[in-house]
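Data first, discussion second: the structure below is written as structure tokens.
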Amino acid sequence: MSFRRLRVSVEDVPGPDEQEGKSRLRSVQVVLADPPAFTPQYDHELAAALARAGADVRLLTSRFRFGEAPEPDGYERDDSFYPFSSRLFRRSRARLPLRALEHLGVLTELGRIRSGILHLQWLAWPQLDRRLRLRVPAVFTAHDLLPRRTAHREALWRELLGRFDRVVVHSERGRDRLTDLGVDSDRLRVIPHPVFPSDPERADDGRTLLCFGVIRAYKGLGDAIEVVRRLDGTRLVVAGDPVEPIEGYRDQARGLDVDWRLGYLPQSEVDRAFGQATLALFPYRPELDQSGALLRALGAGVPAVAYDVGGIAEPVRRFGAGRIVPAGDVEALVAAAQELLGDRDALEAARAGARRARDELTWDAAAAAHLELYGELT
């Protein structure tokens, strides 16, 4: 066995200040909290990346009601929040009275945290979350900026966001929105949402459009169906779990080539959908800052055609990973999809942009940005 001689120059050796800074960041204790388990995949990827970077990470959450959560990788997970409602119900509103009682217990447990950094991912019940008492430096990630059910209660959200030492958003537009709301700009940090990288087997026929993710009113599925109606020869795959009635969408799609794959899909079916997709459509209404479904598409190398809402445009424009059109403009949505489907060079350039996003918007980069943020609070 032979060994290469390791050559280290003086410049390669960190100075005392740099060593101390790295040690302080890497030894930080982080409690990630997603009490309702709204984003288990995001929680897992961020926790694992922080752990790879040397942080001591504990994830507090509840049982995911729609499938298996990823196995912890280098971090500890406690899914004891909402012990009954998360196990007895799926989306039924019958769980809400029990959920309210359990939520008060969640707030009590969060208030008992006395060391490290608390990084809360969701404020699931804003009216009750006023009771939350923070006893350690605290960070909040505003995934949806102002969730739809309480977006009109701006004073409530100013109060809640004002309790956190730092607020993370995923886009410059998100920062502008919260600044306009009255959140101190010095406490806001933009950390782009990483992609969810995958490499599905390609089975793209050059004509398949995809709508992926939970089916809600703001996702604009009706506009996607209209694109297929106006572009002869195209096919639409609808892959996701409906939380609203879909009979109207089915009626709208009658006579069109639409493949309905409904429910919370296993990873094999998610990969199959992205492997077959030529383009992914995101005709969203204004409501959220960034879309996890969009980051799954880019992570799979699938270009996006999207309305310019929230921060959705930012990664698509930055990497040239598709087309952005004015919000609500169905004609522009159709034209953008038609351009990419009909121009092989343009489509390949957009695919290359999606691959660049996959290479640059990594979880390790996000973890480094979070550790820098945590370092401001310790």
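Could you tell me which residue of segment 141-160 is nearest to residue 376 (Cα to Cα), considering only residues that are surrounded by 19 or more Cβ atoms within 10 Å (Cβ to Cβ) and out of contact with any helix residue (DSSP H, G or I) (no Cβ under 7 Å at 6 or more places or on another chain)? So, considering only residues that are surrounded by 19 or more Cβ atoms within 10 Å (Cβ to Cβ) and out of contact with any helix residue (DSSP H, G or I) (no Cβ under 7 Å at 6 or more places or on another chain), the one nearest to residue 376 (Cα to Cα) is 141. Scanning segment 289-299 for residues that are touching a Lys or Arg at 6+ places or on another chain (Cβ under 9 Å) and open to solvent by 10 Å² or more (accessible area, probe 1.4 Å) gives a single hit, 293.
Quick check on segment 333-343. Is at least one of its residues among the β-branched types (Val, Ile, Thr), at pLDDT 95 or above and either surrounded by fewer than 17 Cβ atoms within 10 Å (Cβ to Cβ) or farther than 15 Å from residue 230 by Cα (or both)? No, segment 333-343 contains no residue that is among the β-branched types (Val, Ile, Thr), at pLDDT 95 or above and either surrounded by fewer than 17 Cβ atoms within 10 Å (Cβ to Cβ) or farther than 15 Å from residue 230 by Cα (or both). Tally time: how many residues in segment 290-333 are farther than 15 Å from residue 174 by Cβ and of a type in the set (Asp, Glu)? Matching residues across segment 290-333 total 2.
If you check residue 290 against the conditions, is it under 18 Å from residue 41 (Cα atoms) and polar (S, T, N, Q)?
yes
When we screen 358, 317 for residues that are surrounded by 19 or more Cβ atoms within 10 Å (Cβ to Cβ) and out of contact with any Lys or Arg (no Cβ under 8 Å at 6 or more places or on another chain), the only hit is 358. Would you mind telling me which numbered condition in (1) touching a residue at least 12 places away in the same chain (Cβ under 8 Å); (2) of a type in the set (Gly, Ala, Ser); (3) in a helix (DSSP H, G or I) residue 301 fails? The one condition residue 301 does not meet is (3).
Filter segment 304-316 down to residues that are assigned to a helix (DSSP H, G or I) and in contact with an Asp or Glu (Cβ under 9 Å, 6 or more places away or on another chain), then give me how many there are. Total meeting the criteria: 1. When segment 225-252 is filtered for residues that are acidic (Asp, Glu), within 15 Å of residue 336 (Cα to Cα) and touching a residue at least 12 places away in the same chain (Cβ under 8 Å), only 226 remains.
Sort through 195, 214, 190 and tell me the only one that's among the hydrophobic types (A, V, I, L, M, F, W, C), within 21 Å of residue 377 (Cβ to Cβ) and in contact with a Gly (Cβ under 8 Å, 6 or more places away or on another chain).
Just one listed residue meets the conditions, 190.
The values are calculated or read from the model by the stated rules, or taken from the named source; none is laboratory data. Not measured: the values here are computed from a predicted model. Backbone-built Cβ (ideal geometry, glycine too); neighbour counts: all protein chains shown. Areas reflect the complete protein model, heavy atoms only, side chains present, ligands, DNA and RNA absent. Shrake-Rupley method; radii C 1.70, N 1.55, O 1.52, S 1.80 Å.
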